1. How would you order 45-58, 249-262, 289-302 from highest to lowest mean count of nearby Cβ atoms within 10 Å?
2. Can you bin the stretch 233-305 into rounded, prolate or oblate? Criterion: square roots of the alpha carbon gyration tensor eigenvalues sorted a ≥ b ≥ c, rounded for a/c under 1.5, prolate for a/b above b/c, oblate for the rest.
3. Can you run phi through the Karplus equation (6.51, -1.76, 1.60; θ = phi - 60°) for the stretch 61-73 and list ³J(HN,Hα) in whole Hz, with x for Gly and Pro?
4. So what are the ³J(HN,Hα) numbers for the stretch 214-225, from phi and the Karplus equation (6.51, -1.76, 1.60; θ = phi - 60°), rounded to whole Hz, Gly and Pro as x?
5. May I ask for the net charge around Gly140, where only other residues with Cβ less than 9 Å from the Cβ of Gly140 are counted and Lys, Arg are +1 while Asp, Glu are -1?
6. For q = 0.09, 0.12, 0.15 Å⁻¹, what log10 I(q)/I(0) does the stretch 3-291 give under the Debye formula with an equal point scatterer on each alpha carbon and no solvent?
7. Using 0.36 nm per residue, how much length does the chain from Glu26 to Glu257 gain when fully extended, once their Cα-Cα distance is taken away?
8. Per residue of the stretch 37-45, in order, report the coupling 6.51 cos²θ - 1.76 cosθ + 1.60 (Karplus, θ = phi - 60°) as ³J(HN,Hα) in whole Hz, putting x for Gly and Pro.
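What follows is calculated from the coordinates using simple rules that are stated; it is not laboratory data. Given the structure is predicted, the values throughout are model-derived calculations rather than measurements. For neighbour counting, all protein chains shown are included, and Cβ atoms are generated from backbone atoms with ideal geometry for every residue, glycine included.
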Amino acid sequence: MTEQAIAAGFHPGELSVQRQAGLEYEAARLEGMLAPAHLSRGAGGFLAQREFAAVTARAADGTLWTAPLLGRAGFLEGFDTTLVVHTRPAAGDPLHELPAGQAAGLLAVEFATRRRLRVNGTVVAVGEGGFLVDVEQAYGNCPSYIQQRRLAIDPGRRTVDVERSDALTAAHRELIRHADTFLLGTTHPTRGADTSHKGGEPGFVRVDGADLWWPDYAGNNMFNSLGNIASDPEASLLFVDFTTGSALQLTGTATLEWVTQGTAGEDDATGRRVRFHPAQMVSQKGLALHSSGVVPSPHNPHVTA
């Protein structure tokens, strides 16, 4: 087992954010969720039915990315402390050649019922058909801010057009401004990588010059992502346009900002926002997915000026 597997409870970054937010007591009640993982029959069944997931890990050059994973139901196979992923990110994706021996955070999402499951661990083997994860954490999250949509997956579709850039283009900005969902990848020096879901009304992610920022909405109070950012600013974002099958991946650095409640843009009045500075971008077109229709989450705060 790795150091990540031995460690338990909240790390100092998470604890510091909980204290500053005044939510230590609420978070402490959930600390047991971070115990060493065992994928139950229920968790394994949930994973086996999924067709969409996202994974955060490092590319061969060491940069952190979050990549979409698509496949027919059954491409995720979880049992005990093992997760078998029977696919890899598309050719041209920064994580297509995913190196073994590193931390990875995977998030499986069922948009139709607003359910999600986080699975964090270590990639112990990689092959042509997928990869194997030694699971160290696995737990569900609440349905808040997940927009309800039904995905249609065509795993037989393999051709994806990939373009790389080091600055946001007009097309990137347009996709971000209209997004109601993105996946956030973060990492911690000893606890490994994590992928979390972020959602809201279109426009909840603001484009501010070369940066992006979004208000932090009230959640489970554990602050896994913000705690990681407080410990290590490396972060990655994945935006998916579910109607066109396009995606935008960004890698860069993130900063947690504390602002006065009521400040412009504080949609949920938590006094927290995250600013992200992208260093590299990868856009993908032709992903084997699309959805028709969307039902916004009833928990979405109204996007303010």
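1. On the way: 45-58: 21.8, 249-262: 17.2, 289-302: 15.0.
Going from most to least packed, we get 45-58, 249-262, 289-302.
2. Working: a/c = 3.58, a/b = 1.33, b/c = 2.70.
Because a/c hits 1.5 or more and a/b fails to exceed b/c, the stretch 233-305 counts as oblate.
3. After applying 6.51 cos²θ - 1.76 cosθ + 1.60, I find 8, x, 7, 8, 9, 10, 10, x, 10, 10, x, 5, 3 Hz.
4. 8, x, 7, 8, 4, x, 7, 6, 7, 6, 4, 5
5. Working: positive: Arg115, Arg116, Arg118; negative: none.
Charge balance near Gly140 sits at +3.
6. Taken in order of the listed q values, log10 I(q)/I(0) reads -0.38, -0.71, -1.17.
7. Roughly 81.0 nm would be gained on extension.
8. Karplus values, whole Hz, x for Gly and Pro: 7, 9, 6, 5, 4, x, 5, x, x.
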